[in-house]
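For reference, the structure discussed in these notes is given below.
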Amino acid sequence: MEARYDFTSDNTAGLCPEALTALIDASDGCCPSYGEDVHTARASDRIREIFETDCDVYFVFNGTAANSLSLASMCRSYHSVVCHETSHIETDECGAPEFFSNGTKILVTSGPDGKLDCAGIERMILKRSDIHYPKPRVVSLAQPTELGCLYAAEEVREIADLARFHGLRVHMDGARFANAAAALGLSPAELTWRAGVDVLCFGGIKPGISLSEAVVFFDRGLSEEFDYRCKQGGQLASKMRFSSAPWAACLQDDVWLRNAENANRMARLLADHLRVIPGVEIVRPVAANAVFAVLSAAVQTRLHKAGWRYYEFIGGTARLMTSWRTAEEDVVALAASARGG
Ligand SMILES: Cc1ncc(COP(=O)(O)O)c(C=O)c1O
């Protein structure tokens, strides 16, 4: 029996064909290194184009680096970052945000489906204002959340207004921003800087459009000396063109959105197939490309026996992720295994 990783994570899928072709094309000939190349300029320009603003763009190797280096850039060592208790920066980055910022503290609050709410944020901001407590400086939210849910643009705006009112800045972990943009059907600008986001970590890896993440500074004042942070943090690619060329290709002709739309559509289809199976309960809204389900012991045994691998610790339930390459027959095959067919 062969193990199947199709729904384990959107990390298990490879690069989409357009990204792969761009990678091969970029390999031809010699060009300047460390981001001085034409591919990196093109990718950065394309990001500025789709966000309709003159933002600063940097490419780094993964989401942990994108989040932690950008937060370090927004904070001083005695500051704090308010985020959800399930956020990646709190639970899955091995303390990198604190490490790269030389001690900035992560302050967590709660809310359904991984979403922050204004009351919880304000409680954390106002909890202490004395000199003995790290000063809140940033609100960080994930779009979509780690539990597969979305903030409406208006909700982002309310959080950003609250943050501004208290003198804080707004960071968005957009490891799956493509899925959010595809699901919400709004422009990248409306979902970010027009709603008050200062810095976006724009995921390229999970949507299969690159081997890198883009750190996008809408407030360019926050990117001061970010190139040095990247270099010191081991995140300045010498052959940067391999990080950036796929971005340029996939931000063309909406490839990135089509990939994300497929993942989102397959998640909805998967949920539809699963929810009618006895012993399966879909426990969270399926808003982007994740399906969270409580599975009976019998269903779990059938899935494991058929080789399906999935995470069970994220959100306390089974998490099934879809990707740009998930096909209807993959969904049907998993559902058949769950049913015992
Ligand atoms: C919400 C979120 N942010 C960031 C990341 C990026 O993490 P990594 O450092 O593994 O690329 C992930 C990956 O699972 C994620 O789910």
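The values are calculated or read from the model by the stated rules, or taken from the named source; none is laboratory data. In this text the structure is predicted, and so the values were computed from the model without any measurement. Please note: Cβ atoms are built from the backbone with ideal geometry, for glycine as well, and neighbour counts cover all protein chains shown. SASA here: full protein model, heavy atoms, side chains in, ligands and nucleic acids out. Shrake-Rupley method; radii C 1.70, N 1.55, O 1.52, S 1.80 Å.
Name the residues in the range 96-138 that are within 14 Å of the ligand (Cβ to nearest atom), closer than 30 Å to Y228 by Cβ and open to solvent by 30 Å² or more (accessible area, probe 1.4 Å), would you? F99, F100, listed by residue number.
H84 meets all of the listed conditions (1) within 22 Å of V156 (Cβ to Cβ); (2) surrounded by fewer than 17 Cβ atoms within 10 Å (Cβ to Cβ); (3) in contact with a strand residue (DSSP E or B) (Cβ under 7 Å, 6 or more places away or on another chain) but one, namely (2). Within the range 256-270, the set of residues being within 30 Å of H39 (Cα to Cα), open to solvent by 10 Å² or more (accessible area, probe 1.4 Å) and not charged (D, E, K, R) comprises L257, N259, N262. When the helices (runs of 4 or more DSSP H) confined to the range 235-341 are screened for residues that are closer than 17 Å to S9 by Cα and in contact with a Pro (Cβ under 9 Å, 6 or more places away or on another chain), those reaching at least 1 such residues are found at 255-275.
Reported count of residues in the range 38-59, each being of a type in the set (D, E) and either within 16 Å of the ligand (Cβ to nearest atom) or farther than 18 Å from D198 by Cβ (or both), is 2. If you go through the range 16-37 one residue at a time, do you hit one that is within 16 Å of the ligand (Cβ to nearest atom), open to solvent by 20 Å² or more (accessible area, probe 1.4 Å), at pLDDT 95 or above and not hydrophobic (A, V, I, L, M, F, W, C)? No: zero hits. Among the numbered criteria (1) more than 12 Å from the ligand (Cβ to nearest atom); (2) open to solvent by 50 Å² or more (accessible area, probe 1.4 Å); (3) more than 18 Å from S223 (Cβ to Cβ), which single criterion is violated by N62? Every listed condition holds for N62 apart from (1).
Where residues in the range 171-220 are in a loop (DSSP other than H, G, I, E, B) and of a type in the set (K, R), which of them is nearest to I159 (Cα to Cα)? Taking the candidates together, the pick is R176.
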